[in-house]
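Written out below as structure tokens is the structure these notes cover.
The values are calculated or read from the model by the stated rules, or taken from the named source; none is laboratory data. Because the structure is a prediction, the values reported are computed rather than measured. Positions of Cβ are generated from backbone atoms using ideal geometry, with glycine treated the same way; all protein chains shown enter the neighbour counts. Keep in mind that these areas ignore ligands, DNA and RNA; they rest on the heavy atoms of the full protein, side chains included. Shrake-Rupley method; radii C 1.70, N 1.55, O 1.52, S 1.80 Å.
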Amino acid sequence: MATEYTAKDITILEGLDPVRKRPGMYIGGVGTAGLHHLVWEIVDNSIDEAMNGHAKEIAVVLHKDRSSITVSDDGRGIPVDKHPKLKKSALEIIFSTLHAGGKFEGQNYKTSGGLHGVGASVVNALSTKLVAKVKREGAEWAMEFRRGVAQGPLKKLGAARGTGTWVHFQPDPTIFPRTEFDAATIRDRLEIASFLHRGVKIRFTDESTGKEEVFRHEAGILDYLKKVVGERGAKPVHEAPFTLVKEGDVKVEVAFQWTESTDEHVRSYVNGIPTGSGGTHENGLRAAVGKAVRNFVETHALTPRGVTITADDIREGFASILSVYVAEPQFQGQTKDRLNNPEVQGAVDQAVRPALEQWMNSNRSVAEQIVARIVLSARAREASRAASAAISRKTATSGRLTLPGKLSDCTSHARERTELFIVEGDSAGGSAKQGRDREHQAVLPLRGKVLNTEAMGLAKVLENKEIADLIVALGCGVGKDLDVEKLRYARVILLADADSDGHHITTLLLTFFYRHMPDLLKAGRVYVGVPPLYRIDAAKKTFWAADEADKARILKSLGKDESAVDITRFKGLGEMMPKVLWETTLSPRTRRLLRVDIADALATDRIISDLMGKDPQARFQFIMEHAEDAQDIDV
Ligand code: 0RA
């Protein structure tokens, strides 16, 4: 037998030890993402079986303990016959031998219809227990493993009808610090899989809640696009989206549509894996759409006099689902979610461009609606640009004289130590004006409701007097004319009441900064002030609490309950004595500030546009959870 051994068999015979020694190489890490990777591996095998036309339904069960999973399908069943040389069943080989190289070393990604069973052995190696059952050849078969080690031979359980595969596993707590799965993560991924693989029926049962859902989409990514556009409340510019499926070395599937939203929204996938940071496939799509649209516009002379269309204008309101299949995808970036294969860009471009041109030419009225939308974007952009240039010019040339009347500026010209407090309402503004250090602290009161600038063009935003005043006071321009170096203060501090109205105002201001002055956030120049909600007097001492939790903590440290101390609840900044406001909120010695850190908290545009669509309270919560305490800043 030794003489019959080939090099190929040797690679196949590699055991599972390397997986347990360096799990990160195979599943990316042992955190939550790595843990869920186990589920995707097993589910992908069943999806492959379905995509090859052999399985109709896949069932995923999250068990009551939330730390074990069963995945089953009604496909052909994993073969149980003995490999003539290895003297092992195909099932045993699939579950207990490593198939060359780890996923995260590159390579070895299966495409749909590709390699069966890759990854099953990795899951097996990292599970305290795995049971595989198969129905085929008129019988039911079972085999059990512990940490990848077979607990006996493949057993024939008895006669059975039909065919299928059933895999149950329990991740190993000595590998994963947390073995509890998240039902929502699994649910969402299965739903996406049902969009990416049209027609496949996926049933998800969460036994911990008793909830069951069935996902099945005959129209695939077209259904997905409709769902995404609907959820985002974006009104389509044209009825039927453009769709394309192109087989080839790189399989390309895409669906897109223009909407009235001001954002671009593209969700892309490579071999069914989400690519949140885009990559060459998305670049290829953008290039194709840009060129096809320009070509159409030029051929039919559709641009009005004086309007020039930029790539950004074409992207405005563009919503798309892009799914590609690549034999050897290379992923890049910190989270390995950007596709880096250069050949994919051309493949997507060449698949989409001619098809889109043809579609536009044979759907003339739709194409003209799209072009009208794009021309509108170009006009709005030019109007914003003109308006922001006008404001920037005003601040740059005429200096102090044009500062808004209601701004109480500071006297110092040494910018490093100066701060602008943006406060809500005249009465709070009054207290802040009296309580501040006038040499270094300026106060700008805002009147009335702050404009919600999410999904609003800059030209429109700049019509708002409060916002225009704010931009002039900051002195650094806005939009494309923003220059952080010109900011007239070292810090910009948002100061609102410690109640839900106050939180709402802070969120709206942050939305404005994020959308139209993002560099200010990126430079870490924006802070949120934390005013006290309670004053606690006990044993001749005064304490300030920012919220309920803070109050409870102070009482606990004093060893007193509420009845033994004097507690005052502030209704708002406006009713605080200027001296108290200074001590608690304005004085760099005693106040608390949170720095709004865009790099960590609001990492990508996708996150914020998802976030900003939701209710302001939740947004505030999110932003505050991600803001860093800047108590110790050097003033
Ligand atoms: C190898 C060969 C055949 C099927 C499978 C693997 C298979 C694997 C998995 C994993 C999950 N579900 C699965 N279903 C099938 C084909 C065997 C034949 O020709 O009958």
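What are the residues in segment 496-512 that are closer than 22 Å to LEU573 by Cα and in a helix (DSSP H, G or I), if any? The answer is SER500, ASP501, GLY502, HIS503, HIS504, ILE505, THR506, THR507, LEU508, LEU509, LEU510. Do we have any residue at all in segment 46-55 that's open to solvent by less than 60 Å² (accessible area, probe 1.4 Å), more than 16 Å from the ligand (Cβ to nearest atom) and touching a residue at least 40 places away in the same chain (Cβ under 8 Å)? Scanning segment 46-55, I find no residue that is open to solvent by less than 60 Å² (accessible area, probe 1.4 Å), more than 16 Å from the ligand (Cβ to nearest atom) and touching a residue at least 40 places away in the same chain (Cβ under 8 Å), so the answer is no. Just one residue in the set VAL134, VAL39 is within 12 Å of the ligand (Cβ to nearest atom) and either under 27 Å from ASN341 (Cα atoms) or modelled with pLDDT of 90 or more (or both); that residue is VAL134. Within the option set GLY148, GLY138, GLY162, being over 21 Å from GLU92 (Cβ atoms) and of a type outside the set (S, T, N, Q) holds for one residue only, GLY162.
Does ALA288 satisfy the criteria of being of a type in the set (A, V, I, L, M, F, W, C) and assigned to a helix (DSSP H, G or I)? Criteria met by ALA288. Only one of the numbered conditions (1) touching a Pro at 6+ places or on another chain (Cβ under 8 Å); (2) farther than 16 Å from VAL123 by Cα is violated by ASP74, and that is (1). With a requirement of 3 or more residues that are free of Cβ contacts under 8 Å to residues at least 40 places away in the same chain, the strands (runs of 3 or more DSSP E) lying completely within segment 180-265 that satisfy it span 211-215. Per the conditions (1) within 16 Å of the ligand (Cβ to nearest atom); (2) open to solvent by 20 Å² or more (accessible area, probe 1.4 Å); (3) modelled with pLDDT under 95; (4) not charged (D, E, K, R), the sole criterion not satisfied by TRP141 is (3). Might you check whether a residue that is open to solvent by 10 Å² or more (accessible area, probe 1.4 Å), at pLDDT below 90 and under 30 Å from ASP481 (Cβ atoms) occurs anywhere in segment 354-372? No, that holds for no residue.
Within segment 166-185, the set of residues being open to solvent by 20 Å² or more (accessible area, probe 1.4 Å) and within 16 Å of the ligand (Cβ to nearest atom) comprises TRP166, HIS168.
Within segment 513-568, being over 30 Å from THR453 (Cβ atoms) and part of a loop (DSSP other than H, G, I, E, B) holds for ALA539, LYS540, GLY559, LYS560, ASP561, VAL565. Restricting LEU222, LEU190, LEU244 to residues that are within 16 Å of the ligand (Cβ to nearest atom), open to solvent by less than 70 Å² (accessible area, probe 1.4 Å) and at negative phi narrows the list to LEU190. Being among the hydroxyl-bearing types (Ser, Thr, Tyr) and touching a Phe, Trp or Tyr at 6+ places or on another chain (Cβ under 7 Å) is the filter here; which residues of segment 569-592 pass it? THR584 - this is the single residue of segment 569-592 that is among the hydroxyl-bearing types (Ser, Thr, Tyr) and touching a Phe, Trp or Tyr at 6+ places or on another chain (Cβ under 7 Å). Select from segment 63-105 the residues that are in contact with a His (Cβ under 9 Å, 6 or more places away or on another chain), more than 11 Å from the ligand (Cβ to nearest atom) and at pLDDT 90 or above and list them in ascending order. Residues satisfying the conditions are HIS63, SER68, ILE69, THR70, SER89, GLU92. State yes or no: is ARG436 surrounded by 15 or more Cβ atoms within 10 Å (Cβ to Cβ), within 21 Å of VAL530 (Cα to Cα) and at pLDDT 95 or above? Yes.
In segment 268-308, the qualifying residues are those that are of a type in the set (A, V, I, L, M, F, W, C) and either at pLDDT below 95 or out of contact with any helix residue (DSSP H, G or I) (no Cβ under 8 Å at 6 or more places or on another chain) (or both), and the one that is surrounded by the fewest Cβ atoms within 10 Å (Cβ to Cβ) is ALA301.
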